[in-house]
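Structure, as structure tokens:
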Amino acid sequence: EPQPRHRLIIRQQPERSRVGSVSEKMDRRPIDPPPVIQLVEHNPLDPLSQQYTISPAYFMQVQLLDASGENVILQLKGHKATAMAGSMVSPLHPLRDTSSVHGAYFVFSDLSVRMEGSFRLRFDLFEIAGYV
């Protein structure tokens, strides 16, 4: 079985969120702290492997799951509004960590949940194949 090319590390784990408004224009309270995911190449000795840190071909999507992590929650019950608000897709950002080491990160700073309860977040990594 081939080894994965990348590894994902949760650098900042979200802990809580206050319920925001159902209306897009009303009060939005972001998840605190905002989720930050690092993309790490499995073969850092390969000179081409460092190009991924500046590649626009990678992006990440987040979805809200129930507490068991089995079911995706898309909408509020009894409303047409989505269960989450904010930017649910993040491009790859070349940043430095707290030790000034360069890395590739996905940052979800504008994400809020519109309902009470305990939930999980699922992060899916995508690569645009054939991107030049």
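The values are calculated or read from the model by the stated rules, or taken from the named source; none is laboratory data. What you see is a predicted model, and the numbers here were worked out from it, not measured in a lab. With ideal geometry, Cβ positions are generated from the backbone for all residues, glycine too; neighbour counts draw on all protein chains shown. What goes into the accessible areas is simple: the full protein's heavy atoms, side chains included, and nothing from ligands, DNA or RNA. Shrake-Rupley method; radii C 1.70, N 1.55, O 1.52, S 1.80 Å.
For LEU121, LEU74, LEU111, what's the largest-to-smallest order of accessible area, 1.4 Å probe?
Order by accessible area, largest first: LEU74, LEU121, LEU111.
Non-local amide H neighbours of ARG29 (under 5 Å, H modeled in plane, Pro and chain starts lacking H): which ones?
Amide H neighbours of ARG29, under 5 Å, 5+ apart: GLY20, SER21.
So what does HIS6 come to for accessible area, using a 1.4 Å probe and Å² rounded to 10?
Surface accessible to solvent at HIS6 totals approximately 40 Å².
Taking R0 as 22 Å, what FRET efficiency do you get between ALA81 and GLU15 from their Cβ-Cβ distance, rounded to the nearest 0.05?
Computed FRET efficiency for ALA81 and GLU15: 0.35.
Amide H to amide H, which residues 5 or more places from GLN12 or on other chains are under 5 Å from it, using H placed in the peptide plane?
Counting only residues 5 or more places away or on other chains, the set is VAL36.
Across segment 116-127, in residue order, what do the Karplus-derived ³J(HN,Hα) couplings come to in whole Hz, using 6.51 cos²θ - 1.76 cosθ + 1.60 with θ = phi - 60° and x for Gly and Pro?
These are the phi-based 3J(HN,Hα) values: 7, x, 9, 9, 10, 10, 10, 10, 10, 8, 10, 10 Hz.
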